[in-house]
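Notes follow the structure.
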Amino acid sequence: MSVDRPRKQIHLAAHFPGVNNTTVWSDPRSGSHIEFDSFVRFAQIAERAKFDFLFLAEGLRLREQGGQIYDLDVVGRPDTFTVLAALAGVTDRLGLTGTINSTFNEPYEVARQFATLDHLSDGRAAWNVVTSWDAFTGENFRRGGFLPQERRYDRASSFLDAATGLFDSWDGIRVEADKAAGTFLTGLDPSGVPGAFAVRDDHFDIEGHFNVPTGPQGRPVVFQAGDSDAGREFAAAAADAIFSMHGTLEAGQAFYADVKGRLGRYGRRPADLLVLPAATFVLGDTPQDARERAEQVRRQQVSGATAIAFAEQLWNRDLSGYDPDGPLPDVDPVLGEHTVSRGRASVRHFRDPLAVTRQWRELAAAKGLSLRDVVIEVTARQIFVGTAESVADDIDRYVQADASDGFILVPHITPDGLADFADKVVPILQERGVFRTEYAGTTLRDHLGLAVPQARPCRATDGRLVAS
Amino acid sequence: MTHLHLAVALDGAGWHPAAWREPSARPDELFTAGYWVDLARSAERGLADLITIEDSFGLQSTDFRGPDGHNDHVRGRLDAVQIAARVAPATHHIGLVPTALVTHTEPFHVSKAIATLDYVSRGRAGVRTQISPRAVDGDHVGRRYIPDFDPAEPPTPEVVEVVDELFDEAGEYVEVIRRLWDSWEDGAEIRDAATGRFVDRNRLHHIDFHGRHLSVKGPSITPRPPQGQPVVAALAHAAPGLRNRPIRFAAGHADLVLVTPYDRADAVDLVGAVHRAGPAAHVFADIVTFLDRPGETGAERRARLDALDGNEFGSDAYVFAGSVAALADLLADWQRTGLSGFRLRPGALPDDLNLIVDSLVPELQARGLRRRSYEADTLRGLLGLARPENRYAATTQGALV
């Protein structure tokens, strides 16, 4: 790191606790995951601490394991757009980032929804573009499992291009509302009709006139989440921020260098794409206190039943007869198609189940761990454990060392799990001059230091407009 | 005399195309939250049962077949479900009934959106389901063919068939969103620390809907909403040659059917047709209103707006211009045809809404036709509808295997 470089400002976001076992619902402090009050409290804590934005994940089919609804984690979520639009009414500055799938939606409707959210929040909308393909999720939608896995980023890319063309289709057109003259819009072309667009590619054949004016941010901020090579390339080409998962400083630095290095190919600068990994945290009064609390949280996150269920995802077979406090199952995993667990992205990470089980056995033998202990150890995602001072140190160190541009914090308690961080860590970061004490601007682009993008007007060919 | 129910239909700057040019109009704020919050609060001040919010998949146009290039009219709109969600935290009693377009959207998404609207409004959600029969709207999505036709012409057999199919699909759509609302039983979230189970999965249900147009597995990702079943509304629109099809859809699937009688006798016919066609709990008549105020009659305002627009205002609904007392007389008279309420479409916003709230409602209260305070916390409550049983509750044993 160059000594001359000014200290980077840290970006912080609040991930509403999700439906993974990271979220501890058995704790007495755990509130509703669906009542609006929980979202209001969570958002207001984040805004009080001057966070950049709130982040909301999405799921489109309840997870199943062994042919039954998976019941050990939080189940149930609200609709993304609806809850974010309502939160716009109880916050003033906090960015509102919603995860919306590019497979089981169509560009015209999604563009309408994000443009609307941007208007209703005065420029605070962001879209985390995710892909999926599986026929299991498709059973809830008109087209079923229509998309081959290897085409999912191809469709996402076309989808985002189409949506961009729609967001920009009112470029130069403003509501003038001149009552005396009787002219509602200004900047219209001779057709007198706003919003013309046409998209023709492998995925979409659409044309017409978009019916929402350009929002305050021009376009909503675009996030990409996903670690694959295709995902990184998609982010480098088209996203404003990337939501990643890298636990160590070194892994974070490698990822950061990799994705920022891809930007040049698209004529973009390193500052045009923010790297914002997910991070969990546990605070304590002393380092020892924090470690003990973290250990306790881990045991809450991985009950015996959760440990068995997690092992079943790796072994791809029924392990209900095994004791979670006993040794690892003495059988081999079932290779081939995953049949035990459905609707869960993490299953994809077990690309070589035999190798992973071998690692687990080595770990168990070396440390004398039970099945549950192993799962606790291998699924540990607590990145920041310590006192408020040490966590502030760590966060600042990661950002200044280019392992990230900030973090999307994932508390394990709904809705108040962020309060300690907001009250204890944020003031330290503010004192050090690396985190804002007041919002300088009003839009999420302002908070993230992203310029309003140049409109990408659909290219005119033969008087028709075609986005490529 | 029983109370009549009152809904206010919000759309842009009001239902007259020149309404945005009124001195009190706020056309430059149509795309801001504050505009809609103010309108919803005004309607709530008038103790209305609900507001509806219009929507469409294409630009507003005087031409059914496509954009008309009219820059002297409001063009552009926001997604109605989100407008409703945005005003929910700023209101406390009034029902929120956005339009959801069904022809090009996913029932799974719309079901959870309205369930979530019910959560964020604490039981005040409804949805007005509407088809998109315009070919140009279909081109925006590109997934299905809809023939280009002119509704002013007698429909060809092809058009009759397509529109029939769209309503048929809309019926399946409403059935799917209703089943999804029931796909979680009340109390399915058990948080049983002893067994580590967050939900009782026997109380979550695949809906396994397989229709001619739609197949949806379920369950919803969103738990059963506070009202159990948010209120479903549909406009049983008069459409030449197709008149009965919209009525059969609305009466067969909606709790609240909106009709557009052009006079009292027509109201009698329509109410009868709706009740013959299905079990809808409520039938409201739509009326566009231009009310008299000091210094200007409603008729004068309408004529002034017509002159600005260069066209005589026409509507699918009855257009009333006159005094508050005359409108109250009309509502009381039409109520006797069996209508349970009215959806008033203010000619100009906010003026005609404020006249409804500040003049018409007190007049109706004085006649014993309107509530003097909100008597319920949910939209179903305001409409006198009980919270329904869950259709899957009786099948809990061995439900989801």
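Only one of the listed residues (B:VAL319, B:VAL288) is closer than 26 Å to B:ALA125 by Cβ and at pLDDT 95 or above. That residue is B:VAL288. If the condition is being buried (at least 22 other Cβ atoms within 10 Å of the Cβ) and assigned to a helix (DSSP H, G or I), then region A:378-403 contributes A:VAL391, A:ALA392, A:ILE395, A:TYR398, A:VAL399. Just to be sure before I move on: is B:GLU189 modelled with pLDDT of 90 or more and within 21 Å of B:VAL232 (Cβ to Cβ) in the structure I sent? No: the conditions fail for B:GLU189. The set of residues in region B:49-76 being more than 8 Å from chain A (Cβ to nearest Cβ) and either in a strand (DSSP E or B) or touching a residue at least 60 places away in the same chain (Cβ under 8 Å) (or both) consists of B:ASP49, B:LEU50, B:ILE51, B:THR52, B:ILE53, B:ASP55, B:PHE64, B:ARG65, B:GLY66.
Among the conditions (1) surrounded by 24 or more Cβ atoms within 10 Å (Cβ to Cβ); (2) over 23 Å from B:VAL257 (Cβ atoms); (3) more than 7 Å from chain A (Cβ to nearest Cβ), B:GLN82 misses just one, which is (3).
Specify which of the listed residues (B:VAL87, B:VAL97, B:VAL81) is of a type in the set (Val, Ile, Thr), within 20 Å of the chain's Cα centre (by Cα), part of a strand (DSSP E or B) and under 17 Å from B:ALA9 (Cα atoms).
Result of the check over B:VAL87, B:VAL97, B:VAL81: B:VAL97.
Within region A:199-215, none of the residues are more than 30 Å from A:VAL175 (Cα to Cα) and not in a loop (DSSP other than H, G, I, E, B). A:ALA238 fulfils the conditions (1) buried (at least 20 other Cβ atoms within 10 Å of the Cβ); (2) in contact (Cβ under 8 Å) with a residue 12 or more places away in the chain; (3) of a type outside the set (S, T, N, Q) except for a single criterion, (1).
For region A:101-117, the set of residues classified as within 16 Å of A:ARG445 (Cβ to Cβ) and facing chain B (nearest Cβ under 7 Å) consists of A:LEU117 only. Taking region A:316-326 as the range and being touching a residue at least 40 places away in the same chain (Cβ under 8 Å) and surrounded by 15 or more Cβ atoms within 10 Å (Cβ to Cβ) as the test, the residues that pass are A:TYR322, A:PRO324. If you go through region A:106-114 one residue at a time, do you hit one that is buried (at least 24 other Cβ atoms within 10 Å of the Cβ) and over 28 Å from A:PHE197 (Cα atoms)? Checked against the condition, which is being buried (at least 24 other Cβ atoms within 10 Å of the Cβ) and over 28 Å from A:PHE197 (Cα atoms), region A:106-114 yields no hits at all. Out of all the residues in region B:166-180, is one or more within 13 Å of B:THR103 (Cβ to Cβ), hydrophobic (A, V, I, L, M, F, W, C) and assigned to a loop (DSSP other than H, G, I, E, B)? No, there is no match, as no residue in region B:166-180 is within 13 Å of B:THR103 (Cβ to Cβ), hydrophobic (A, V, I, L, M, F, W, C) and assigned to a loop (DSSP other than H, G, I, E, B). Taken together, A:ALA254, A:ALA305, A:ALA279 contain a single residue that is among the aliphatic types (A, V, I, L, M), in contact (Cβ under 8 Å) with a residue 24 or more places away in the chain and either more than 14 Å from chain B (Cβ to nearest Cβ) or buried (at least 20 other Cβ atoms within 10 Å of the Cβ) (or both), which is A:ALA279. When the criteria are applied in full, B:THR260 fails the requirement of being more than 29 Å from B:PRO388 (Cα to Cα) and touching a residue at least 24 places away in the same chain (Cβ under 8 Å). Scoring B:GLN130 on the criteria (1) within 15 Å of the chain's Cα centre (by Cα); (2) surrounded by 22 or more Cβ atoms within 10 Å (Cβ to Cβ) leaves a single failure, condition (2).
Of the strands (runs of 3 or more DSSP E) lying entirely inside region B:183-283, those containing at least 3 residues that are touching a helix residue (DSSP H, G or I) at 6+ places or on another chain (Cβ under 7 Å) and not basic (Lys, Arg) are B:231-235. Checking each residue in region A:52-76 for being in contact (Cβ under 8 Å) with a residue 60 or more places away in the chain, away from chain B (no Cβ under 13 Å) and of a type in the set (A, V, I, L, M, F, W, C) picks out A:PHE53, A:PHE55.
Listed by position, the helices (runs of 4 or more DSSP H) inside region B:317-372 whose residues that are surrounded by fewer than 20 Cβ atoms within 10 Å (Cβ to Cβ) and free of Cβ contacts under 8 Å to residues at least 12 places away in the same chain number at least 2 are B:324-335, B:361-366. In summary, A:ALA14 fulfils each of the numbered conditions (1) touching a residue at least 40 places away in the same chain (Cβ under 8 Å); (2) surrounded by fewer than 23 Cβ atoms within 10 Å (Cβ to Cβ) with the single exception of condition (2).
Looking only at residues of region A:118-140 that are facing another protein chain (nearest Cβ under 7 Å) and out of contact with any helix residue (DSSP H, G or I) (no Cβ under 6 Å at 6 or more places or on another chain), we find that the one that is surrounded by the most Cβ atoms within 10 Å (Cβ to Cβ) is A:HIS119. Per the listing B:SER56, B:SER61, the residue uniquely over 19 Å from the mean Cα position of the chain (by Cα), surrounded by fewer than 24 Cβ atoms within 10 Å (Cβ to Cβ), closer than 14 Å to B:GLY12 by Cα and among the hydroxyl-bearing types (Ser, Thr, Tyr) is B:SER61.
Residues in region B:198-252 that are more than 11 Å from every other protein chain (Cβ to nearest Cβ) and either buried (at least 17 other Cβ atoms within 10 Å of the Cβ) or in contact with a Ser or Thr (Cβ under 8 Å, 6 or more places away or on another chain) (or both): 21 in all.
Okay, residues lined up against (1) under 28 Å from B:ARG212 (Cβ atoms); (2) at pLDDT 95 or above:
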{"position": "A:GLY98", "(1), (2)": "no, yes"}
{"position": "A:ASN105", "(1), (2)": "yes, yes"}
{"position": "A:ASP134", "(1), (2)": "yes, no"}
{"position": "A:LEU147", "(1), (2)": "yes, no"}
{"position": "A:ALA162", "(1), (2)": "no, yes"}
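Candidates are the residues of region A:158-172 that are more than 9 Å from chain B (Cβ to nearest Cβ) and in a loop (DSSP other than H, G, I, E, B); the one that is surrounded by the fewest Cβ atoms within 10 Å (Cβ to Cβ) is A:GLY172. Per the listing B:PHE149, B:PHE167, the residue uniquely over 24 Å from the mean Cα position of the chain (by Cα) and aromatic (Phe, Trp, Tyr) is B:PHE149. Pairs meeting the criteria (first residue in region B:110-132 and more than 9 Å from chain A (Cβ to nearest Cβ), second residue acidic (Asp, Glu) and crowded, with 24+ Cβ neighbours inside 10 Å, beta carbons under 7 Å, at least 6 apart or on different chains) are B:ALA125/B:ASP118.
The values are calculated or read from the model by the stated rules, or taken from the named source; none is laboratory data. Owing to the predicted nature of the structure, the values given are computational and were not obtained by experimental measurement. Heads up, the Cβs are rebuilt from the backbone with ideal geometry, glycines too, and the neighbour counts pull from every protein chain shown.
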